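See structure below.
The values are calculated or read from the model by the stated rules, or taken from the named source; none is laboratory data. Just so it is clear, the model here is predicted, and its values are computed rather than measured. Cβ placement follows ideal geometry from the backbone for every residue including glycine, while neighbour counts extend to all protein chains displayed. For the accessible areas, the whole protein counts, side chains as well, though only heavy atoms, and no ligand, DNA or RNA atoms are used. Shrake-Rupley method; radii C 1.70, N 1.55, O 1.52, S 1.80 Å.
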Amino acid sequence: MTAPRAPRPTVVLVYQRTSLRWVFDSALRAGIDLVLVPRPDESVAPDRLPPAVVDVLPLDVEGDPVKALAILRERYGSTPFDGITTLYDPAVPFVADVAEALGLPGLGSADARAVQDKRLMRQRLAEAGLNVPGFVVLDDQGVWDGDSGLTFPVVVKPANGFSSLGVTKADSAEQLGAVIEEVRQVCRTKLGRATGLIVEEYLDGPELAVESLAHRGEVTVLSIGYKGEPTGPYFEEGVYRAPAPLPPDVQDAVVREVVAAHSALGVTDGPAHTELRLRGGARPYLLELGARVGGSGVSHYIAEHVTGADLAGDALRIAAGLAPTSVTDSLTRSGSGSPTRLARATGAAANYIVPCGGSGRITTIHGLDELADDPRVDHVVQMLHPGDVVRPYPDFTGYPAFILSHHGSTEDAEEFHRSLESLIRIDYAPTGAAQ
Ligand code: ADP
């Protein structure tokens, strides 16, 4: 008689897009079964489930979180699962609430809110003595009194925004009132509600993205990548190339700042995607730390190709209460317990976010087909298609496509991105014109 097979650890994965399929491949490799809560705008056919998915559980997490929690509680009672997680930033607090309610591993509700609300985040970072620009907070009705004491230019952003939604630069005190009104308007139309705002001093310098994984309070920085040097007034994302070529002392300063931010924000277990700017080209200032694998899974791709780590797989293992198996001491140049654990880079990886480059109804997207046979390109994730309507900034519609590629060096990645700038082009017809 054969012994019954031990159940595999099971994690509820909230709002993961199935088009970023490598996240599901990672789950399979990590030995995790997934219960997928699909994105409301995505249907998942029961006979064509992504790898590792054993069940699909539709929930309206954003529209009715109370009911969604009740359904998960009921399911946990009848068919227990080991953890719950998400790569979708707005769902991070919900996931933390569920984990806390069911006694599963997770961030804790208070810490999840502190990483999501930019006002709380800035306060916690400032209290911990980290580099923070001057800032003031406004509640959802807050009236601007005209004198902030801030140095211009400043950036106005929704307290709970994501994907750069509404983030807008104001160059002078005279502009600020109008910019605040514009950001409030974007919040009302895109988030469907009024929200508090933060106004903070503009940080110049190159922008960096850092991928990391924490386990029991020990943070391993997997990669530090270059995100361009956006100057606003709106901050559409563009390129991501890792590893960023940085002098060793700047690299160490970035690692120290990111590790300190984990502890200031209470992120002791799980992945994080941190964005910073290097003021004066040298001094790291945190823009935000998201307690999740970034970019719906793009961060996993980058970390994997730069270091060999399985970030998504280990993030799922930590969500299930297990130890990571790929992000271990063998990846880093300093051993366990070191304050600056940075993984060795063994390759380079990049993400090119195709810019909208206009607005109207998309008629043709040129250049994507040519990339199918390029050996450097691993994934073309297309989000917008002919027929879709792109509204002009700041009314952000979404990104047309991601092009994920691996290279021998960051310089090669840069050259590849230059070639994409001339290869890829989107044609538009005025809105309302026939398709
Ligand atoms: P979101 O969570 O909506 O992405 P962020 O705070 O990350 O909001 O801001 C989005 C982008 O706006 C950043 O990646 C950066 O390019 C720019 N940005 C935000 N705050 C500042 C700032 N204080 N100084 C300079 N650029 C900023």
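Which ones in segment 86-116 are open to solvent by less than 40 Å² (accessible area, probe 1.4 Å), in contact with a strand residue (DSSP E or B) (Cβ under 6 Å, 6 or more places away or on another chain) and outside any helix (DSSP H, G or I)? Correct list: Thr86, Leu104. Within segment 401-416, not a single residue is modelled with pLDDT under 95 and not charged (D, E, K, R). Looking only at segment 373-393, residues that are over 20 Å from Val23 (Cα atoms) and open to solvent by 30 Å² or more (accessible area, probe 1.4 Å) come to 9 in all. Within the option set Ala194, Ala173, Ala128, being open to solvent by 10 Å² or more (accessible area, probe 1.4 Å), more than 25 Å from the chain's Cα centre (by Cα) and of a type outside the set (S, T, N, Q) holds for one residue only, Ala173.
Taking the criterion of being within 15 Å of the ligand (Cβ to nearest atom) and on the phi > 0 side of the Ramachandran plot, the residues of segment 162-192 that qualify are Ser163, Ser164, Gly166. Residues being touching a helix residue (DSSP H, G or I) at 6+ places or on another chain (Cβ under 7 Å) and either within 23 Å of Leu246 (Cβ to Cβ) or within 16 Å of the ligand (Cβ to nearest atom) (or both) are entirely absent from segment 314-325. I'd like to know if segment 139-153 contains one or more residues that are surrounded by fewer than 18 Cβ atoms within 10 Å (Cβ to Cβ), within 16 Å of the ligand (Cβ to nearest atom), more than 20 Å from the chain's Cα centre (by Cα) and assigned to a helix (DSSP H, G or I). Checked against the condition, which is being surrounded by fewer than 18 Cβ atoms within 10 Å (Cβ to Cβ), within 16 Å of the ligand (Cβ to nearest atom), more than 20 Å from the chain's Cα centre (by Cα) and assigned to a helix (DSSP H, G or I), segment 139-153 yields no hits at all. Name the single residue that is farthest from the ligand (Cβ to nearest atom) among those in segment 200-233 being closer than 12 Å to Val327 by Cβ and among the small types (Gly, Ala, Ser). Of everything passing the filter in segment 200-233, Ala214 is farthest from the ligand (Cβ to nearest atom). Taking the condition open to solvent by 40 Å² or more (accessible area, probe 1.4 Å), modelled with pLDDT of 95 or more and either assigned to a loop (DSSP other than H, G, I, E, B) or over 25 Å from Phe162 (Cβ atoms) (or both), does Arg73 pass? The answer is yes for Arg73. When segment 384-435 is filtered for residues that are aliphatic (A, V, I, L, M), closer than 14 Å to Pro355 by Cα and assigned to a loop (DSSP other than H, G, I, E, B), the ones remaining, listed by number, are Leu384, Ile424.
Just one of the numbered conditions (1) within 11 Å of the ligand (Cβ to nearest atom); (2) in a loop (DSSP other than H, G, I, E, B) is not true of Thr195: (1).
The condition of being surrounded by fewer than 16 Cβ atoms within 10 Å (Cβ to Cβ), over 15 Å from Leu104 (Cβ atoms) and modelled with pLDDT of 95 or more holds for only one of Pro58, Pro40, that being Pro58. If we scan segment 126-135, do we find a residue that is assigned to a strand (DSSP E or B) and closer than 13 Å to Val199 by Cα? Yes.
Within segment 163-187, no residue that is more than 15 Å from Thr231 (Cβ to Cβ) and in the same structural domain as Ala91 (by TED's automatic domain parsing) sits with its Cβ atom under 8 Å from a residue that is open to solvent by 50 Å² or more (accessible area, probe 1.4 Å) and more than 15 Å from the ligand (Cβ to nearest atom) at 6+ positions apart or across chains. In segment 234-269, the residue that is farthest from Thr85 (Cα to Cα) out of those that are in contact with a Gly (Cβ under 9 Å, 6 or more places away or on another chain), hydrophobic (A, V, I, L, M, F, W, C) and within 15 Å of the ligand (Cβ to nearest atom) is Ala244.
Selection of segment 371-383 for residues being aliphatic (A, V, I, L, M) and in a loop (DSSP other than H, G, I, E, B) yields Ala372, Met383.
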